[in-house]
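See structure below.
The values are calculated or read from the model by the stated rules, or taken from the named source; none is laboratory data. Keep in mind that what you see is a predicted model, and the values were worked out from it rather than measured. Counting neighbours? That spans all protein chains shown, and the Cβs are built from the backbone with ideal geometry, glycine included. Accessible surface is based on the protein model in full, side chains and every heavy atom, while ligands, DNA and RNA are left aside. Shrake-Rupley method; radii C 1.70, N 1.55, O 1.52, S 1.80 Å.
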Amino acid sequence: MLVEIMKFGKEEKSVVTSLDIAETFEKEHKNVLRDIRELECSEEFRRLNFEQSEYLNEQSHKQPMYLITRDGFTLLVMGYTGEKAMRFKEGYIRQLNAM
């Protein structure tokens, strides 16, 4: 997964795209977009961690995507299932326990 440092609001933050998440967790991008839209987080958390953007698809058409901070990524993928999601959750728990 490609992590980039980008201007997010007024700050520079580490972000990933919803496309990266779809590829990493082997999901269709449209389903990742749906998952983001359906998160039941506060509007403040959404504003601080999910920024709507766009990319050009193979036909050079603009398509929606999100830029997502580390906190947004964590909240989103904690709801995912499957082997890759479980490895992420276990690693997250190990890191918390090491603190």
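Expressed as a whole percent, the accessible surface of the chain that belongs to carbon and sulfur atoms is 49, based on a 1.4 Å probe. Taking P(r) over Cα pairs in 5 Å bins from 0, in percent as calculated from this structure, the corresponding entry among (1) 3, 15, 26, 26, 19, 8, 2, 0; (2) 2, 12, 22, 24, 20, 13, 4, 1, 1, 0; (3) 2, 11, 17, 16, 12, 10, 10, 9, 5, 5, 2, 0 is (2). Full extension of the chain between Arg87 and Arg37 yields a length gain of 15.6 nm, computed as 0.36 nm times the residue separation minus the alpha carbon distance.
Can you give me the accessible area per residue for region 19-80, using a 1.4 Å probe, in Å²? Spell out each step's value before the answer.
On the way: 4040 Å² over 62 residues.
Per residue, region 19-80 has an accessible area of 65 Å².
Summary of the geometry: region 23-50 and region 51-99, compared by the centres of their Cα atoms, lie 8 Å apart. The 3J(HN,Hα) values that the Karplus relation (6.51, -1.76, 1.60; θ = phi - 60°) gives for region 37-42 are, in residue order, 4, 8, 4, 9, 8, 5 Hz. Gly and Pro appear as x.
Averaged over residues, the count of other Cβ atoms within 10 Å places the peptides 51-62, 75-86 in the sequence 75-86, 51-62, highest first.
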